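Read-outs: derived from the displayed coordinates by stated rules, not from any lab. Keep in mind the model is a prediction, meaning the values are calculated, not measured. Cβ atoms come from the backbone with ideal geometry, glycine included; neighbour counts cover every protein chain shown.
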């Protein structure tokens, strides 16, 4: 079945450092790809998404590009802040045989940013 | 502001008890989901529902059941709680359709079964 693989964490960075969190996927169809973020004590919230190959999703300084040739959707940010400390989940949306959109999540990557 | 609420943030139950986790959304979404979140495993889908009284098994339905009597409410039921059901439970909702619709999540219920 479909799956998502994320880099293991935690990722520890100093404020203003460059961030990359790797995400690769396996899917039989043409999924949409998402990054969700979970701040401490909260549920998940959508950070960005891309629906087809070469699309770039962006939000709050974060970016990710849907790369079909490498089956990847890596998350990047040029300058992280302490407030970016959270767990980041990569996910794909697969309609399967029912046409019903379900999300398949990676295991999550914890980001810790120190001042 | 869109909202998904869950009945409890923290819950402690004993082995063998029947447990109800409630989820309510105010966005008139057709789809609702229950996930459990465990360290190193990410989120795993337990059950989902695409309409009132309709339900489908997710990837790990064993030991759980669900109920959706009203569009805005989706309940997860542990018929006889066991220690391996100690986890964080997350509810989500989304619009129905072929588009890449965002799922909106509640804050989660941390359940401990002793």
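Tabulated values for the structure
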{"quantity": "Which listed residue, of A:16, A:76, is surrounded by fewer than 17 Cβ atoms within 10 Å (Cβ to Cβ) and more than 14 Å from the chain's Cα centre (by Cα)", "calculated": "A:16"}
{"quantity": "Residue among A:110, A:67 that alone is free of Cβ contacts under 8 Å to residues at least 24 places away in the same chain and either within 14 Å of chain B (Cβ to nearest Cβ) or more than 20 Å from residue A:9 (Cβ to Cβ) (or both)", "calculated": "A:67"}
{"quantity": "Selection count where residues are facing another protein chain (nearest Cβ under 9 Å) and under 15 Å from residue A:75 (Cβ atoms), scope the range A:22-47", "calculated": "7"}
{"quantity": "Subset of the range B:65-105 (residues that are surrounded by 21 or more Cβ atoms within 10 Å (Cβ to Cβ) and under 19 Å from residue B:14 (Cβ atoms))", "calculated": "B:76, B:81, B:89"}
{"quantity": "Leading residue by the ranking (farthest from the chain's Cα centre (by Cα)) among those in the range A:79-91 that are more than 10 Å from chain B (Cβ to nearest Cβ) and within 20 Å of residue B:91 (Cα to Cα)", "calculated": "A:86"}
{"quantity": "Any chance residue A:76 is out of contact with any helix residue (DSSP H, G or I) (no Cβ under 9 Å at 6 or more places or on another chain) and not in a strand (DSSP E or B)", "calculated": "no"}
{"quantity": "Any hit, the range A:48-64, residues being surrounded by 13 or more Cβ atoms within 10 Å (Cβ to Cβ), within 14 Å of another protein chain (Cβ to nearest Cβ) and in a loop (DSSP other than H, G, I, E, B)", "calculated": "yes"}
